[in-house]
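Asker: I have a structure I would like to understand better, so I am pasting it below and will then ask my questions one at a time.
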Amino acid sequence: MRGVFKSWALFNRNVCENINSLHWLLKEPLIHGSRLDICTVTPGLLTTLYKSKTVSLQQLVEAAGPELTGAAGLGSLLGVRSVRVAQQLLELWRRRLSAEEKSLLIKYNRGEAMPDPTDPFPDIVLSPELGEESGPLLAVSSPGKLSLQRADKTTIYQNVTKILQKKGLSGRPPTVWSKRPGWDGTRPEWRVLYKPPLKKRTADLQWRSPFESITSRLYKDSVCEDPCTSFVPRPWVPPAGRGVVVDPGPDPGPSGDAAGGWIRCSPTCWCRGSGDRIGCSGG
């Protein structure tokens, strides 16, 4: 939850000025930077609201009436003895309401309008908190989608990244090519210059080619009558290794300078490209 509040503090919030929903108008808070928050211009009001547990417009309407003119009722709710101070507070709150919202409150008092809990929440437009930093790389990503209801995770992630990296991105050009002479603003196509790396199989074949250690099932079937399901490539031995056993074991196979080009097709079968076979059923 703490991470959510930190992310929320990275954006400037612009709440919809006119609320057409009576339900959410009555739920409008009076503290913590809301549209009806007058605590910044009235010292000590925040403590008074906390003590009286008065945090929404609905509580003000029930105490001071739909037109917010009952100074005595507000003084009784907040514990304020001065009627003049109560009238000043009500005047500040009335200035924050639009004519349409005042009309909704009057209809609510007459019983002509009732709050509907199914009304959608008023939209809140977000904007990145960049301070004095600016630059082409700090442009708002998807500004049309940057609101509480329409923003997706990609839009939020892109703008949060710019906010966190605003010091390094401030004043930087979109690409280093913009400083090159003759640049016409076209972004470079890196895929034209990019050469993908070799695949592992291609690199392995290129390494095995000089050592005559490449084989395939089709090649084995053409030189050996015994169907082979698996094989072990035979290491290449230079001519100087005359008389040296290449693969010691129960069936070492060819050795010395004659071992070049031989491949073990099975535990008892050795094949070579010339058609020679050792230990095969047909050789």
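The values are calculated or read from the model by the stated rules, or taken from the named source; none is laboratory data. Please read these numbers as outputs of a predicted model, since none were measured by experiment. Methodologically, a virtual Cβ is constructed for each residue, glycine included, from the backbone with ideal geometry; neighbour enumeration extends over all protein chains shown.
Asker: On the given criteria, is E112 in a loop (DSSP other than H, G, I, E, B), modelled with pLDDT of 90 or more and under 30 Å from S7 (Cα atoms)?
Answerer: Considered against the rule, which asks whether it is in a loop (DSSP other than H, G, I, E, B), modelled with pLDDT of 90 or more and under 30 Å from S7 (Cα atoms), E112 comes out as no.
Asker: Yes or no: the stretch 83-104 includes at least one residue that is in contact with a Phe, Trp or Tyr (Cβ under 9 Å, 6 or more places away or on another chain), more than 30 Å from S178 (Cβ to Cβ) and surrounded by fewer than 14 Cβ atoms within 10 Å (Cβ to Cβ).
Answerer: Scanning the stretch 83-104 turns up no residue that is in contact with a Phe, Trp or Tyr (Cβ under 9 Å, 6 or more places away or on another chain), more than 30 Å from S178 (Cβ to Cβ) and surrounded by fewer than 14 Cβ atoms within 10 Å (Cβ to Cβ).
Asker: For the stretch 139-187: of the residues being over 17 Å from the mean Cα position of the chain (by Cα) and surrounded by 15 or more Cβ atoms within 10 Å (Cβ to Cβ), which is nearest to V15 (Cα to Cα)?
Answerer: K166
Asker: Grab the helices (runs of 4 or more DSSP H) fully contained in the stretch 30-96, keeping just those with 2 or more residues being within 20 Å of I106 (Cβ to Cβ).
Answerer: Passing ranges, in order: 57-64, 71-78, 83-96.
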